[in-house]
Structure formats: structure tokens, C-alpha cells
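Read through the structure below, which is laid out as C-alpha cells, and then see the notes.
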Amino acid sequence: MPGDVDRNAPTPDTATLLKRNPVQALTIAVVLAATAGAFAYVGGFVTPHRLGANHFVDAMQTAAGGPHAGFRRAHAKGICIAGSFVGAAPGRAISKAAVFGGAIVPVTGRFAEAAPDPFAKDSSEAVRSMALRLQPAGAPEWRMAINDTPGLHVSTPQAFYDNVVASTPDPATGKPDPAKMQAFLAQHPETVAFLARMKARKLASGFFDDTYNSVDGFLFVAPDGTKRLVRWSMEAEEPFATLTPAERDAKPANYMFDDLLARVRRGPVKWRLVATLAQPGDPNRAAEVWPADRPRVVMGELTIDHVESEATGNCQDVNFDPLALPPGIAPSDDPIPFARSAVYSVSFRRRSGEHKPPSAVANQSAGARS
Ligand code: HEM
């Protein structure tokens, strides 16, 4: 892993951060305060009977048949990664964030599968994710958690919660009640449209040839203060390949991770960070796809050259909070990231206080830096 990254570092408290990096500490404190305030508004913390972050995590745990102690309450099966990011000149014109400055920025992160079961077979998983922490020298960091899906299935925190509840197995049958899901879908045409997009897409053969999307809208703030609504993607530079369902079923239970380790042993893997710019009238709702002709700006290139299991890597004790944003990148009026930030914090607190059994992806399969 890059030398200035503390392996297995717990999230430091503000006092420690202030000693280490006052700029970063202040930014995180401001972000946390803004996040808490915003979610109080969005999620109803101000009125105790409305939906709050604990309700989300409780519901997600129930839907999953109970918590898997020590693991993330979603995206439970994962592996740590490290490498670097270099910003590109066009990116600097639309965001003043230090990460786009052009210097080599150390990166740590995590690939995962979205399900809450840390021991699920890879062939049963349809959503893969990339989480990153970009830490430019002497400047605030940027964290992101992005999925390989064409948008999100819902546009509001309430709809996300209602969908989790509708998917929860009935204790009598051990299966979700189809009537509840039908009722949810009848109220949410955006979820029906999302499911059709999911059915039409081809799954990438691995983490290394997959493209990951912010899905949520954020504001990029240019050096002159201009704010632009964007969604970004990490687009694989590796040629895309896919497997048939039968080929996937025939693969070993952890094939996505084994194949990633093998691929990185052969050499670094790269992604292009591309921002898509909204045009006036484009909906800032995570379930709504923007037209394909929107302007795209290449913001830089990500290189991943190290993969290591959660047991010894440095991603386990990290909360990839989507609102840990540096100056130059700001939340928009998309309500989902505010909810995510609060919910991830609850999931992080719960798992941090638990004993974690070994992950399915064991250390002995970990690849060495190439
Ligand atoms: C209201 C909507 C959402 C809720 C309630 C939710 C909930 C969660 C929870 C509880 C975790 C575990 C966090 C932890 O313990 O560190 C998580 C992880 C994650 N979520 Fe979400 N999520 C939401 C939407 C999204 C969206 C829109 C994306 C991306 C497009 C996303 C991507 C991820 C990723 C990549 C991780 C794993 C991060 C890691 O590897 O640590 N989520 N989510």
C-alpha cells in the first residue's frame, strides 16, 4: 500500500486529526455537521416518529435474516485495493478539488458485491461496487462509493426504505411476500424501469473490466465558483467481457476476487474518471437516467496495482461516506447521499463494535504488489 497510508487505521477522532492535518479535520467536521443537519431534515431526525438512520439499518438487517456481525450491513463481501489517481487538465476547468491538480494522488479502496451476505457465491451477485479514498498531499481527501448499476432503483430515502421492507422475507414462508412487492412496484414505476434496465445489461466478467457510476448527482465547483451538476463514472480501460449465466455458475464461489487477484498480479488495472454534465431540466433523481448525449469531461485516470484481503488490508475500518467531499465537490439537492451518509455511519458504528469472523476472501489468496 502507499507509504503514507496507515494500515488498519481506525477512523481517527477529531483531536487526532487536528494534530495530523488541521485542514482535513476542519473539512471533515464541517462535512459531518452538514451531513447530520441535512439528514435531520431529509430523514426526520428532528421528529422522532419519522424515519432515521437506525431504522434503515434495522430494516436492512431484518431483510437479510439478521446481521452478520463485524461485516458491513450492505456490500459485505469485499477486498481492499490501493493505487493512485492523476487528474487531467479538462477536469481542473470544472472542479477546483486538489485531487484533479495533476499530482499523483495515493488511493486506497475496496471492491465489493452489494449483498449483505459476506459468504454469498459470486455467481449469485448482480451488483458490484468500487469504494475509493483519494488522499492528495496536504489537502482534504475525497471518498466515494459507486456501483456498476444503470442508476438506482429509487430516488428517495423513503422509497429505498419501503423497498427494503417489501423485500423482507415473511417469517411464515421464509420468502418475501409477492403481494407486498407488487404493491411497492405499483407505486414506483421508476423501480420497474430500473429492473428492465438491469435485465437488459450484460454483467462484466470481473471487477477489473467493470464500470462504476456515482448514480447520485453532485456539484463540481470550478475555480471561478461556477457550480455544475454532474454524475461521474469510473470507466474500465480493460476491454469489456461477459460470461453466460452457465459460465458464471461453473466458476468457484469467490471467482470475482480470485480473478481480480490474478489480473492485478499481471499488472496494474486502469479506469478513466468521466464526469457527465447535466443540462437544464435534467432530473437530479437517482432513478432517472440522463439522455446519452450529455457532455462528458475526462477528469483523470485511476490505477489499481495492489489487492489485499480485509484481514490485512486497510479498507475494513473505513467508512466510505459519500459526503466526505473536498472543496471543489459539493452535495446537490439529490436527497439520497444525505441518507447514505447517516446510514453508513450507523452501519460503521455497529460493525466496529463487533467481533468480525474471517472474510470469505482469505489472506492467503492475496496478491502481491506487482
Ligand atoms: C438510501 C440509499 C442507500 C442506503 C440506505 C445504503 C446503505 C448502505 C450501507 C448500510 C452500507 C454499509 C456501509 C458500511 O458499513 O461501511 C453501504 C455500502 C455501500 N453502498 Fe450503499 N446505500 C444506499 C445507496 C447507495 C448508492 C446510490 C450507491 C452507489 C451508487 C451505494 C454504494 C455503496 C457502496 C459502494 C458501498 C460499499 C462501500 C465499501 O466498500 O465500504 N449505495 N450502503
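Nothing in this text is a laboratory measurement; each read-out follows from the coordinates by a stated rule. Keep in mind that what you see is a predicted model, and the values were worked out from it rather than measured. Please note: Cβ atoms are built from the backbone with ideal geometry, for glycine as well, and neighbour counts cover all protein chains shown.
For the stretch 302-344, taking the reciprocal of the average inverse distance between every pair of different Cα atoms yields a Kirkwood hydrodynamic radius of 12.8 Å. Shown is the FRET efficiency for ASP317 and GLU247, computed with R0 = 25 Å from the Cβ-Cβ distance and rounded to the nearest 0.05: 0.10. Value of Rg to Rh for the stretch 175-236, rounded to two decimals, is 1.15; Kirkwood radius and Rg both from alpha-carbon coordinates.
Working from Cα pairs under 8 Å separated by at least six residues, relative contact order for the stretch 14-365 is 25 percent.
Taking each residue as 0.36 nm, the span from ALA186 to THR62 lengthens on full extension beyond its C-alpha to C-alpha distance by 42.3 nm.
Can you spot the lysines whose alpha carbon is less than 20 Å from LYS270's alpha carbon? Ignore those fewer than 8 places along the same chain. Straight-distance partners of LYS270: none at all. With a Förster radius of 41 Å applied to the C-beta separation of ASN54 and ALA89, the computed FRET efficiency comes to 0.40. Here's the list of lysines a cross-link from LYS227 could span, going by alpha-carbon distance under 26 Å and ignoring same-chain residues fewer than 8 apart: LYS96. Give me the distance between the Cα centres of the stretch 57-71 and the stretch 214-232, rounded to whole Å. Cα centroid to Cα centroid, the span is 34 Å. Taking trypsin sites (Lys or Arg not before Pro) across the stretch 122-228, the ones in a DSSP loop with at most 14 further Cβ atoms lying within 10 angstrom of their Cβ are ARG201, LYS202.
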